[in-house]
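Read through the structure below, which is laid out as structure tokens, and then see the notes.
The values are calculated or read from the model by the stated rules, or taken from the named source; none is laboratory data. Since we're looking at a predicted model, the values are computed, not measured. Using ideal geometry, Cβ is built from the backbone for each residue, glycine included, and neighbour counts are taken over all protein chains shown.
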């Protein structure tokens, strides 16, 4: 069974202090406590773990895909109703659409631009994964209870075998993180921790190059 790593919404829109959905304004839906928790987890645990995952997948010659929220149009008119309602807009060339440097794509790694919570209903990701002959999807990124969960549920419905790398994901509270992992585990995905996955790959797969 061929695998791929899906790195979800690790971009300025969704995961950078003071930018995108965390820009300080009347529309910002997150409290100071929410943001402090999220960015502590993101910076201390999630991004370092995603770096480890990307490194081992690249070393073993396994696909790393980068899924981000980005419209095709300048005004984002093709976004879903719910993205428009939430004010989620990352247009081509905008800062919001840029990846976080430490976990950005390397070389010719594939990028999937979505206009909804998950990519399966609004991109060619299914056809892409079929062409790559990928069946198992290791999922990391943000936010656990929105884009990551949506991706996993749709992937399961499409017949893939999703795996949530739990300590390489973040929500804006521990309660949201825990409840999401609990409802996904065994229902539409398996879960694993970064250290266990990296160790398994080191011992059971050959490096390339």
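Here is a yes/no grid of residues against (1) farther than 28 Å from residue 197 by Cβ; (2) surrounded by 21 or more Cβ atoms within 10 Å (Cβ to Cβ):
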position: 23; (1), (2): yes, no
position: 28; (1), (2): yes, no
position: 32; (1), (2): yes, no
position: 37; (1), (2): no, no
position: 40; (1), (2): no, no
position: 44; (1), (2): no, no
position: 50; (1), (2): no, yes
position: 66; (1), (2): no, yes
position: 73; (1), (2): yes, no
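Is there a residue being in contact with a helix residue (DSSP H, G or I) (Cβ under 8 Å, 6 or more places away or on another chain), within 22 Å of residue 18 (Cβ to Cβ) and buried (at least 16 other Cβ atoms within 10 Å of the Cβ) anywhere in segment 107-118? No, segment 107-118 contains no residue that is in contact with a helix residue (DSSP H, G or I) (Cβ under 8 Å, 6 or more places away or on another chain), within 22 Å of residue 18 (Cβ to Cβ) and buried (at least 16 other Cβ atoms within 10 Å of the Cβ). Exactly one residue out of 151, 144, 169 is over 14 Å from residue 65 (Cβ atoms) and in contact (Cβ under 8 Å) with a residue 60 or more places away in the chain, and it is 169.
Just one of 7, 14, 28 is within 26 Å of residue 93 (Cα to Cα), assigned to a helix (DSSP H, G or I) and either within 18 Å of the chain's Cα centre (by Cα) or without any contact (Cβ under 8 Å) to a residue 24 or more places away in the chain (or both); which is it? Outline the logic, then answer.
Working: 7 fails: assigned to a helix (DSSP H, G or I); 28 fails: assigned to a helix (DSSP H, G or I).
It is 14.
Does segment 189-204 contain any residue that is closer than 24 Å to residue 81 by Cβ, in contact with a strand residue (DSSP E or B) (Cβ under 8 Å, 6 or more places away or on another chain) and at pLDDT 95 or above? No, the conditions are met nowhere in segment 189-204.
Picking from residues in segment 72-117 that are more than 27 Å from residue 62 (Cβ to Cβ) and not in a loop (DSSP other than H, G, I, E, B), the one that is modelled with the lowest pLDDT is 86.
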